[in-house]
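S.K.: Provided herewith is a single structure, encoded as structure tokens, for subsequent inquiry.
The values are calculated or read from the model by the stated rules, or taken from the named source; none is laboratory data. Computed from a predicted structure; not experimentally measured. Cβ placement follows ideal geometry from the backbone for every residue including glycine, while neighbour counts extend to all protein chains displayed. What goes into the accessible areas is simple: the full protein's heavy atoms, side chains included, and nothing from ligands, DNA or RNA. Shrake-Rupley method; radii C 1.70, N 1.55, O 1.52, S 1.80 Å.
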Amino acid sequence: MSKLIVDNLDLYYGDFHALKSIDLEIPANGITAFIGPSGCGKSTLLKSLNRMNDLVKDCRITGKVILDDEDIYQDIDINRLRKKVGMVFQKPNPFPMSIYDNIAFGPRTHGIHAKAQLDEIVERSLKQAALWDEVKDRLTKSAMGLSGGQQQRLCIARALAIEPEVLLMDEPTSALDPISTSKIEDLVIALKEKYSIVMVTHNMQQAVRISDKTAFFLMGELVECNQTSQLFSLPQDERTENYITGRFG
Ligand SMILES: Nc1ncnc2c1ncn2[C@@H]1O[C@H](COP(=O)(O)OP(=O)(O)OP(=O)(O)O)[C@@H](O)[C@H]1O
Ligand SMILES: [Mg+2]
């Protein structure tokens, strides 16, 4: 079953045609990886899936993004969309406040203020992000004092706190050491039972390790999208083959 359907999406930054006629289905409860060289449009497409490009001046989009039968550009108001679709960025971006308040921020924005309920959400989210044991005794301390890998898991916990259905991750491990990376990979794999996850990665081994489906992009085009094992073992397009075998460019 598809959670998200991208239907003939074109995106322009001013005169620059950044995404060209993209058709793509993102399955529910699985991990979809976006790969491709720098500048090919991975982040642009990821941001199109929760309307982050709305904030970009001169950005124009045509086509549709359907989330559970609703067009996110026509039918869903932005608050409901942001509650259904969470996002984690390349650089950990904790808010300059306590660990607790970072996690409680989203739920509070959505009207939850009872302490017992917030306590429960904070604990659940931090446990889901495999961070609880490391921070449970310092919840009131600043999140800025966490290590990079801990900050990234905090950002994942913050995204999970609002119980989204889709989780968008833009190179979430590129700033992390191998141990933190492996923790986040394990976490993402555990989360895919409940969430539809889309992850941009430059690391093809990572795509192979964790994703079910992989989409390969080149200069704003979706060249090929297939089951990950299929795409890496039997690419259908010569450009995909050149890229994954390192013969690119
Ligand atoms: N706000 C913007 N205004 C104008 N052009 C932009 C903007 N954001 C991105 N672009 C351009 O759109 C193209 C796609 O950018 P995007 O960030 O989506 O690439 P990417 O595949 O995520 O690359 P990377 O792997 O380096 O993160 C690039 O040519 C980029 O310069
Ligand atoms: Mg990018």
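S.K.: Could you please give the count of residues in the range 15-45 that are more than 16 Å from ligand 2 (Cβ to nearest atom), among the charged types (D, E, K, R) and within 23 Å of K213 (Cα to Cα)?
M.R.: Matching residues across the range 15-45 total 3.
S.K.: Which members of the range 72-103 meet the condition of being part of a loop (DSSP other than H, G, I, E, B) and more than 16 Å from ligand 2 (Cβ to nearest atom)?
M.R.: Within the range 72-103, I72, Y73, Q74, D75, I76, D77, P94, F95, P96, M97 meet the criteria.
S.K.: Does K192 count as modelled with pLDDT under 95 and within 26 Å of R108 (Cα to Cα)?
M.R.: In short, yes.
S.K.: Mind checking which residues of the range 196-219 are in a loop (DSSP other than H, G, I, E, B) and over 20 Å from L19 (Cα atoms)? First the steps, then the outcome.
M.R.: Looking only at the range 196-219, we keep the residues that are in a loop (DSSP other than H, G, I, E, B), and these are 201-203, 211-212, 219.
Those that are in a loop (DSSP other than H, G, I, E, B) and over 20 Å from L19 (Cα atoms): N203, S211, D212.
S.K.: Out of the range 161-190, which residues are of a type outside the set (D, E, K, R) and assigned to a strand (DSSP E or B)?
M.R.: Passing the criteria: V166, L167, L168, M169.
S.K.: What single numbered condition from (1) more than 25 Å from K47 (Cα to Cα); (2) within 16 Å of ligand 2 (Cβ to nearest atom) fails to hold for E171?
M.R.: Exception for E171: condition (1).
S.K.: Kindly indicate which of I179, I184 is surrounded by fewer than 16 Cβ atoms within 10 Å (Cβ to Cβ), free of Cβ contacts under 8 Å to residues at least 40 places away in the same chain and not small (G, A, S).
M.R.: Numbers: I184 fails: surrounded by fewer than 16 Cβ atoms within 10 Å (Cβ to Cβ).
When all the criteria are applied, what remains is I179.
S.K.: I'd like the full set of residues that are under 16 Å from K83 (Cβ atoms) and within 16 Å of ligand 2 (Cβ to nearest atom), limited to the range 46-71.
M.R.: Scanning the range 46-71 gives L49, N50, M52.
S.K.: Here's a follow-up. Being surrounded by fewer than 15 Cβ atoms within 10 Å (Cβ to Cβ) and outside any helix (DSSP H, G or I) narrows it down to one of E193, E224, so name that one. It would help to see each step written out before you state the result.
M.R.: Details: E224 fails: surrounded by fewer than 15 Cβ atoms within 10 Å (Cβ to Cβ).
None of the other options fit; the residue is E193.
S.K.: Restricting attention to the range 41-62, which residues are open to solvent by 40 Å² or more (accessible area, probe 1.4 Å) and touching a Gly at 6+ places or on another chain (Cβ under 8 Å)?
M.R.: Result: D58, single match.
S.K.: Next question. Specify the residue that is farthest from E25 (Cα to Cα); the eligible residues are those in the range 207-249 that are among the small types (G, A, S) and without any contact (Cβ under 8 Å) to a residue 40 or more places away in the chain.
M.R.: Here the residue is G246.
S.K.: Any idea which residue in the range 196-206 is farthest from ligand 1 (Cβ to nearest atom), counting only those that are touching a residue at least 60 places away in the same chain (Cβ under 8 Å) and surrounded by fewer than 20 Cβ atoms within 10 Å (Cβ to Cβ)?
M.R.: Of everything passing the filter in the range 196-206, M204 is farthest from ligand 1 (Cβ to nearest atom).
S.K.: Let me ask something else. Out of the range 58-92, which residues are closer than 19 Å to K20 by Cα, among the charged types (D, E, K, R) and within 16 Å of ligand 1 (Cβ to nearest atom)?
M.R.: D58, R60
S.K.: Can you run down the residue pairs with Cβ atoms below 6 Å, 6 or more apart or on separate chains, where the first is in the range 50-67 and part of a strand (DSSP E or B) and the partner is open to solvent by 40 Å² or more (accessible area, probe 1.4 Å)?
M.R.: Hits for this filter: C59/Y13; R60/Y12; G63/D7; G63/N8; K64/D7; I66/I5.
S.K.: Next question, about the same structure. Any residue in the range 114-132 that is modelled with pLDDT of 95 or more, of a type outside the set (V, I, T) and touching an Asp or Glu at 6+ places or on another chain (Cβ under 8 Å)?
M.R.: Yes, the range 114-132 contains at least one residue that is modelled with pLDDT of 95 or more, of a type outside the set (V, I, T) and touching an Asp or Glu at 6+ places or on another chain (Cβ under 8 Å).
S.K.: Pick from the range 1-14 the residues that are within 20 Å of the chain's Cα centre (by Cα) and either polar (S, T, N, Q) or within 16 Å of ligand 2 (Cβ to nearest atom) (or both): which of them is nearest to A215 (Cα to Cα)?
M.R.: Here the answer is S2.
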